[in-house]
Amino acid sequence: MKTALITGGAQRIGAQITQTLHENNYNVIIHYRHSEQEALALAQQLNNKRSNSATTLQAELSNLDAVKTLANAIDSLDILVNNASVFYPTPINEASQNSWNQIMATNLIAPFFLSQTLAPTLLKNNGCIINIVDVHAERPLKNHSIYNISKAGLAMMTKTLAKELAPNIRVCGVSPGSIIWPENEAKLTEDQKNKMLSKIALERQGDAGDIANTVLFLANSPYITGQIINVDGGRTLNQ
């Protein structure tokens, strides 16, 4: 039985990745920051289906000591899914060092050092790392400069670590397009949503299952490394 760690694995796309891997006979470690209730509920749901198959770990990924503590709590691992992410607008005239530090710490620094710390554990199982990037890593989203930069860094990290950790650890990425509408301070107006949908070749939004199934595909593809797959309904064809 293989084991997967999914950061931010209790909600939204992360929760679907967790469920999809579990349905395909992976034991799962659900990382969360504040979503304790959601993480525990998901773990209980999965354990009811298959006993002792899901556990939870809390960590603030912007804290490198917490990242290392998280990594050191894991004895065996086959897949690391760097899914946890921070997303909110940072217009250039309003961007602050605090926003820079927060977004970079979660979206780029934590995935790098988590990968570094867990590499010896993954090496034992010829494991893989799958990073959840974003189509805006290549085509920037206006008013989200820091987020764009962080995801562009994650894309380069994917390719760099694929070289660094070869031949025994694979590193790949998945770049979602419009999958789930942003929430809270990043919430879009109906006009913004319609404008975004109009640029998608398939003329519809995707869903979390599209991302989770691609993660599963990469996890089960032993001759793919260094590749980032856009799952965007053709969004990048129209930019």
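The values are calculated or read from the model by the stated rules, or taken from the named source; none is laboratory data. Values in this document were obtained by computation on a predicted structure and should not be read as measured data. Neighbour counts are summed over all protein chains in view; Cβ atoms, including those assigned to glycine, are modelled from backbone coordinates with ideal geometry.
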Q | Condition met for Asn47 (closer than 25 Å to Lys151 by Cβ and without any contact (Cβ under 8 Å) to a residue 12 or more places away in the chain) | A | no
(Q) So, Ile224, is that one of a type in the set (A, V, I, L, M), within 29 Å of Ser96 (Cβ to Cβ) and touching a residue at least 40 places away in the same chain (Cβ under 8 Å) or not? (A) no
Q: Please specify each residue of region 174-187 satisfying the condition of being surrounded by 12 or more Cβ atoms within 10 Å (Cβ to Cβ) and either modelled with pLDDT of 75 or more or part of a helix (DSSP H, G or I) (or both).
A: Val174, Ser175, Pro176, Gly177, Ser178, Ile179, Ile180, Trp181, Ala186
**Q.** Filter result (of a type outside the set (Ser, Thr, Tyr), surrounded by 17 or more Cβ atoms within 10 Å (Cβ to Cβ) and farther than 21 Å from Leu40 by Cβ) within region 51-70
**A.** Val67
Q) Within the bounds of region 192-209, is there any residue that is of a type in the set (A, V, I, L, M, F, W, C), touching a Lys or Arg at 6+ places or on another chain (Cβ under 6 Å) and surrounded by 19 or more Cβ atoms within 10 Å (Cβ to Cβ)? A) yes
(Q) Six or more apart or on different chains, Cβ atoms under 7 Å: show the pairs whose first residue is in region 104-129 and farther than 25 Å from Ile146 by Cα and whose second is of a type in the set (S, T, N, Q). (A) Thr121/Ser76; Leu123/Asn168; Asn125/Ser76; Asn126/Asn168
Q. Restricting attention to region 145-165, does a residue exist that is over 19 Å from Ala212 (Cα atoms) and not in a helix (DSSP H, G or I)?
A. no
Q. Just one of the numbered conditions (1) crowded, with 22+ Cβ neighbours inside 10 Å; (2) modelled with pLDDT of 95 or more; (3) under 24 Å from Val171 (Cβ atoms); (4) not basic (Lys, Arg) is not true of Asp78; which one?
A. (1)
(Q) Quick check on region 210-227: of everything there that is buried (at least 20 other Cβ atoms within 10 Å of the Cβ) and within 21 Å of Met156 (Cβ to Cβ), which residue is farthest from the chain's Cα centre (by Cα)? (A) Thr225
Q: State yes or no: is Arg12 at positive phi and either within 18 Å of the chain's Cα centre (by Cα) or among the aliphatic types (A, V, I, L, M) (or both)?
A: yes
Q) Could we say that Glu38 is surrounded by 14 or more Cβ atoms within 10 Å (Cβ to Cβ), without any contact (Cβ under 8 Å) to a residue 40 or more places away in the chain, over 16 Å from the mean Cα position of the chain (by Cα) and over 20 Å from Leu218 (Cβ atoms) here? A) yes
(Q) Going residue by residue through region 145-166, is there one that turns out to be in contact with a Cys (Cβ under 8 Å, 6 or more places away or on another chain), crowded, with 17+ Cβ neighbours inside 10 Å and of a type in the set (Ser, Thr, Tyr)? (A) yes
